[in-house]
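*Asks:* Before I ask anything, here is the structure I am working with.
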Amino acid sequence: MLLAACDGVDGPSRPAASPPAEPAASPTLPAPPPPASVPLALSCQADPRSGELPLTVRFRSSATGGTGTYDFAWQFGDGATSNQRHPMHTYLQPGVSAPR
């Protein structure tokens, strides 16, 4: 069994409520722009990445930036899925899988 990649998309973040806009200092001045949000960055790791069957793999994910909380939606490449942040999955069939 070989894992071709672990370039998982951990699921989109849910946006948080925006803070209320500050009132303008005077009728002629526009309100300040909202604060810039940090782009969402995702990464994942799999250990081990190859081995004899049955192969139990521990997946770890990391999400930073964005707004709100994070949801995770793993697809292991063999039809199985998980919503856990750091799931474990056992592969039972030979081949190459590309979890995401």
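The values are calculated or read from the model by the stated rules, or taken from the named source; none is laboratory data. Please read these numbers as outputs of a predicted model, since none were measured by experiment. Glycine also receives a Cβ, built like all others from the backbone with ideal geometry; neighbour counts cover every protein chain displayed.
*Asks:* State all residues of region 84-99 that are in contact (Cβ under 8 Å) with a residue 24 or more places away in the chain and part of a loop (DSSP other than H, G, I, E, B); if no residue qualifies, say none.
*Replies:* Residues satisfying the conditions are Arg85, His86, Pro87, Leu92, Gln93, Pro94, Gly95, Ala98, Pro99.
*Asks:* Give me the residue from region 64-77 that is modelled with pLDDT of 90 or more and surrounded by 15 or more Cβ atoms within 10 Å (Cβ to Cβ) and, out of that set, farthest from Ser97 (Cα to Cα).
*Replies:* Phe72
*Asks:* Search region 81-100 for residues being modelled with pLDDT of 90 or more and surrounded by 18 or more Cβ atoms within 10 Å (Cβ to Cβ), and hand back the single one that is nearest to Leu40 (Cα to Cα).
*Replies:* My answer is Pro87.
*Asks:* Output the residues belonging to region 52-80 that are within 21 Å of Leu40 (Cβ to Cβ) and part of a strand (DSSP E or B).
*Replies:* Phe59, Arg60, Ser61, Ser62, Ala63, Thr64, Tyr70, Trp74, Gln75
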